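Just so it is clear, none of the values below were taken in a lab; they were calculated from the coordinates. Just so it is clear, the structure is predicted and the values come from calculations on it, not from any experiment. Please note: Cβ atoms are built from the backbone with ideal geometry, for glycine as well, and neighbour counts cover all protein chains shown.
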């Protein structure tokens, strides 16, 4: 039986507006084929952060908890903005790389199929 969680015509305050994050924006980040992290991370990041700093200061330490994290060949990484492949400019800001509030950034790592090839 279907469940309706909200009454028709419901309105409420949107709590995840960019104004509520003290100058930061939310960027969702996921590592494809690595479900040890069960869902994308939600990262509150400054919009003017250089993409290279996002990688070195946030993503590298974050993925260090995964057994394959240290084996990532960053020169071979494939990046996606949502479902669209793109080549980020490491010196440009997140916004200049097309990453706005609540964007999804995905990482693919050819040759790293997850723990023992399990996609985990």
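When you go through (1) surrounded by fewer than 15 Cβ atoms within 10 Å (Cβ to Cβ); (2) closer than 20 Å to residue 111 by Cα; (3) free of Cβ contacts under 8 Å to residues at least 60 places away in the same chain one by one for residue 32, which number turns out not to apply?
If we test residue 32 against (1) surrounded by fewer than 15 Cβ atoms within 10 Å (Cβ to Cβ); (2) closer than 20 Å to residue 111 by Cα; (3) free of Cβ contacts under 8 Å to residues at least 60 places away in the same chain, just (3) comes out false.
Being without any contact (Cβ under 8 Å) to a residue 60 or more places away in the chain and surrounded by 13 or more Cβ atoms within 10 Å (Cβ to Cβ): is that true of residue 47 here?
On the way: without any contact (Cβ under 8 Å) to a residue 60 or more places away in the chain: yes; surrounded by 13 or more Cβ atoms within 10 Å (Cβ to Cβ): yes.
For residue 47, the condition - without any contact (Cβ under 8 Å) to a residue 60 or more places away in the chain and surrounded by 13 or more Cβ atoms within 10 Å (Cβ to Cβ) - is met.
Mind checking which residues of region 26-65 are assigned to a loop (DSSP other than H, G, I, E, B) and farther than 18 Å from residue 101 by Cβ?
32, 33, 34, 35, 36, 37, 38, 39, 64, 65
Residues that are surrounded by 14 or more Cβ atoms within 10 Å (Cβ to Cβ) and without any contact (Cβ under 8 Å) to a residue 12 or more places away in the chain: which strands (runs of 3 or more DSSP E) entirely in region 66-120 hold 1 or more of them?
Values: elements: 78-81, 84-86, 103-108.
Where strands (runs of 3 or more DSSP E) fall fully within region 66-120, none carries at least 1 residues being surrounded by 14 or more Cβ atoms within 10 Å (Cβ to Cβ) and without any contact (Cβ under 8 Å) to a residue 12 or more places away in the chain.
Determine if region 86-95 includes at least one residue that is under 25 Å from residue 115 (Cβ atoms) and touching a helix residue (DSSP H, G or I) at 6+ places or on another chain (Cβ under 8 Å). Even if it seems obvious, please write down each step before you answer.
Here is the first cut: in region 86-95, the residues under 25 Å from residue 115 (Cβ atoms) are none.
The answer is no; no qualifying residue exists.
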